[in-house]
Amino acid sequence: RTLARRRDALSRVTPISLGIPDIMLNYQSPARAPENKDIDVFFAGRIKGSSTVRERGAEELAMLSSEGMRIAIHEDRIDPSDYLDRCARAWLVWAPEGYGWDCFRAYEAALVGSLPLLSRQTIERYEPLIDGEHAIYYDIEPGQLAKTVRQALQQKSRLTRMSEAARAHVLKYHTPRVLAQHVAHATLNAAHQMQPNATCE
């Protein structure tokens, strides 16, 4: 970053999301009506050996389960259609950081009408899911996940409105086709800035 040529190159680097895997669009499960949601928080993925955020968070969700909340955690692989159906059945889909911050899970949850529950992020993101608008974020300090879940589930009508906004946002910005178009346009714009007098043939 101290070299001019590298700063120039970095100025053209922009974030991109993982988005929704193309194959998952073939397994779309319809969004569940609020009265048909029978899971409060759902998570499917690796906990042990992934990140301390996941390990601590799983402990807090286990505590909420002991209090009577409907928590469903699956560490084993699940069939894609079953996975999306369980996402659709949940009010919240927990999408904590693992090896990185961005993950398919958040976009998949929004696709089927659930609300992503995300650990707070510090990276710049492309068309991000906004806290309080398309998702709910929590701080990673002990106790914050449980506190956030309790507060969120007290306002289920708000969660319904947010999940609708999240689905519309993901379909607008995070499908494979839209992301490919964004990459093409961003590349052409960057090339034009480097050679403003160039013409395309």
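The values are calculated or read from the model by the stated rules, or taken from the named source; none is laboratory data. Fair warning: this is a prediction, and the values are worked out from it, not measured in the lab. All Cβ positions, even for glycine, are placed from backbone atoms using ideal geometry, and neighbour counts span all protein chains on display. Note: accessible area is taken over every heavy atom of the protein model, side chains too, but ligands, DNA and RNA are not part of it. Shrake-Rupley method; radii C 1.70, N 1.55, O 1.52, S 1.80 Å.
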Residue satisfying all of: in the stretch 174-183; out of contact with any Ser or Thr (no Cβ under 9 Å at 6 or more places or on another chain) and either within 22 Å of S114 (Cβ to Cβ) or of a type in the set (A, V, I, L, M) (or both); least open to solvent (accessible area, probe 1.4 Å) among these
T175
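This table checks each residue for (1) open to solvent by less than 50 Å² (accessible area, probe 1.4 Å); (2) part of a loop (DSSP other than H, G, I, E, B); (3) modelled with pLDDT under 95.
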position	(1), (2), (3)
L118	yes, no, no
T148	yes, no, no
Q151	no, no, no
T160	yes, no, no
K172	no, no, no
H185	no, no, yes
N197	no, yes, yes
Number of the condition not met by E164 [criteria: (1) acidic (D, E); (2) touching a Phe, Trp or Tyr at 6+ places or on another chain (Cβ under 7 Å); (3) assigned to a helix (DSSP H, G or I)]:
(2)
T122 meets each of (1) farther than 21 Å from S51 by Cβ; (2) among the polar types (S, T, N, Q); (3) surrounded by fewer than 17 Cβ atoms within 10 Å (Cβ to Cβ) with one exception, condition (1)
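Every residue, every condition in (1) of a type in the set (K, R); (2) touching a Pro at 6+ places or on another chain (Cβ under 9 Å); (3) under 20 Å from Q144 (Cα atoms), yes or no:
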position	(1), (2), (3)
M63	no, no, yes
H74	no, no, no
Y99	no, no, no
C103	no, yes, no
E108	no, yes, no
